[in-house]
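The values are calculated or read from the model by the stated rules, or taken from the named source; none is laboratory data. It should be emphasised that the depicted structure is a prediction, and the values quoted were computed from it without experimental measurement. Cβ placement follows ideal geometry from the backbone for every residue including glycine, while neighbour counts extend to all protein chains displayed. We work out accessible area using only protein heavy atoms, side chains counted, and drop any ligands, DNA or RNA first. Shrake-Rupley method; radii C 1.70, N 1.55, O 1.52, S 1.80 Å.
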Amino acid sequence: MIDLPRTLRWPDGLDAARFLRDFWQRRPLLLPGAFPGIRSPVEPDELAGLACDPDVESRIVHEHDPKRPWQVSHGPFDEAVFANLPETHWTLLVQDVDKHVPAVAELLACFDFLPAWRLDDIMISWAEDGGSVGPHLDQYDVFLVQVQGHRRWRIVTRPNPPTGILPDLDLRILRDFEPDQDWLLGPGDVLYLPPGVPHWGIAEGPCMTWSVGLRAPAWHELAADWFQHLLETRADDSRWRDPPEPEPAASIPDPAELPASLPRIMRSEIERLVADADEDLFRRWLGATLTEQKPNIALLPPEPAWPGAEVLSLLRARGELRRDGASRLLYLRGVGADEPDLLFANGDCHALPAGRCGFLPALCRRPGLLAADAERWLADAACVALLAALFNAGHFVIPDDGLPD
Ligand code: SIN
Ligand code: CO
């Protein structure tokens, strides 16, 4: 098995704290040799195999028609597609490879200087010579990790670059792209880009690039989801009633005219519904939402379920339980000392009785739960029940032989 690096090597004079202060969300940064000796646990033909799976999101970008460069076709692909691709100028991009191949998710441990909820996915691209997805910009931060071969990145570092796009293309290609930086990245080099920086990476020979993408939820999407959840869960059947008039008018001037006060009253009642929402409901909704996976990404629960005692034996025998790539775990401390702490797991919420919060960082650790970190909690029934519930939901990878040594 190929082990991925466990830490990111910062250039001289830089560390995570300085990166967060000076570059994060602000300025691009080249990190030469950040992952020395990195090797992909996924070969290009395995990547092509993933792109044939209907549960995997993939694209091929072709650059052969000068009138319509950067044509995109979407997976799942038939195997024959790969046999018939030209020798150069195409790119295969596969989304969420960290969720489909647990070994790939292990690289995420190197990004533990960022809050885990902000990490989105690892997209892997394989390009033949000359392949690219064209000059574009992304709405989120990305670490572009060169894993195999070479890719030349050109980027625009000037503030407020033009953002106009070329019409009638499959991709959002920038119309005016005037790069002021040009770097050739080789294996182990990383380029960090904050949102909105125009970039264009062209393969020089066949190459593999991993994009560690961050997530930045759109307010209107969060709001729509929260309102829907609130309305579905809140037992409130209050409705409109005409406000009592001190002196009811004998007649209304025009029945078709809305009263001038109506918008203000309606709006304040709707806003009250949202403002009065229970804080605990919001906390639980938020954690569940931030750990929810896309519908095509699923855990594989063991069949039949394992009793807690056997999960403990496995953990103690192996010393570690590796997390499945599709497992998303986050936690929120209880507000008061007696409040339960909440563990969120792929959209589910588990309440752990107060006093056990120290178990949660051990559970959520990437690449996996270490027996040494967990041991002091394993005499506690609530902690064991939580571990067993997560194990039986498929959050941990069962070793190939499935049984403790
Ligand atoms: C690629 O890996 O080919 C493209 C990644 C990007 O430009 O965001
Ligand atoms: Co990009």
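If the condition is being closer than 24 Å to Arg26 by Cα and within 15 Å of ligand 2 (Cβ to nearest atom), then the stretch 203-234 contributes Thr209, Trp210, Ser211, Val212, Gly213, Leu214, Arg215, Ala216.
Close Cβ contacts (under 6 Å, 6 or more residues apart or on different chains) running from residues in the stretch 203-227 that are touching a residue at least 60 places away in the same chain (Cβ under 8 Å) to residues that are among the acidic types (Asp, Glu) comprise Ala203/Asp129; Gly205/Asp129; Pro206/Glu128; Gly213/Asp120; Gly213/Asp121; Leu214/Asp120; Leu214/Asp141; Arg215/Asp120. Where helices (runs of 4 or more DSSP H) sit wholly within the stretch 355-399, those with at least 3 residues that are in contact (Cβ under 8 Å) with a residue 24 or more places away in the chain and within 16 Å of Leu329 (Cα to Cα) occupy 359-364, 381-393. Filtering the stretch 175-191 to residues that are open to solvent by less than 10 Å² (accessible area, probe 1.4 Å) and under 24 Å from the mean Cα position of the chain (by Cα) leaves Gly188, Val190, Leu191. In the set (1) more than 12 Å from ligand 1 (Cβ to nearest atom); (2) surrounded by fewer than 16 Cβ atoms within 10 Å (Cβ to Cβ); (3) touching a residue at least 12 places away in the same chain (Cβ under 8 Å), the condition left unmet by Arg172 is number (1).
Restricted to the stretch 101-143, and to residues there that are in contact with a strand residue (DSSP E or B) (Cβ under 9 Å, 6 or more places away or on another chain) and among the aromatic types (Phe, Trp, Tyr), the residue that is farthest from ligand 2 (Cβ to nearest atom) is Trp117. So, in the stretch 148-164, of the ones that are crowded, with 16+ Cβ neighbours inside 10 Å and within 16 Å of ligand 2 (Cβ to nearest atom), which residue ends up farthest from Ile124 (Cα to Cα)? Filtering first and then ranking leaves Pro161. Filtering the stretch 103-122 to residues that are within 13 Å of ligand 1 (Cβ to nearest atom) and open to solvent by 30 Å² or more (accessible area, probe 1.4 Å) leaves only Asp120.
Is one or more of the residues making up the stretch 88-95 over 22 Å from the mean Cα position of the chain (by Cα), open to solvent by 30 Å² or more (accessible area, probe 1.4 Å) and closer than 30 Å to Asp168 by Cβ? Checked against the condition, which is being over 22 Å from the mean Cα position of the chain (by Cα), open to solvent by 30 Å² or more (accessible area, probe 1.4 Å) and closer than 30 Å to Asp168 by Cβ, the stretch 88-95 yields at least one hit. Scanning the stretch 141-161 turns up one or more residues that are without any contact (Cβ under 8 Å) to a residue 12 or more places away in the chain, assigned by TED's automatic domain parsing to the domain that holds Glu87 and more than 24 Å from the chain's Cα centre (by Cα).
So, Val133, is that one within 15 Å of ligand 1 (Cβ to nearest atom), in contact with a Gly (Cβ under 9 Å, 6 or more places away or on another chain) and within 24 Å of Leu20 (Cβ to Cβ) or not? No. If we keep just the residues of the stretch 350-395 that are aromatic (Phe, Trp, Tyr) and open to solvent by less than 10 Å² (accessible area, probe 1.4 Å), which is farthest from Leu300 (Cα to Cα)? Selected residue: Phe359.
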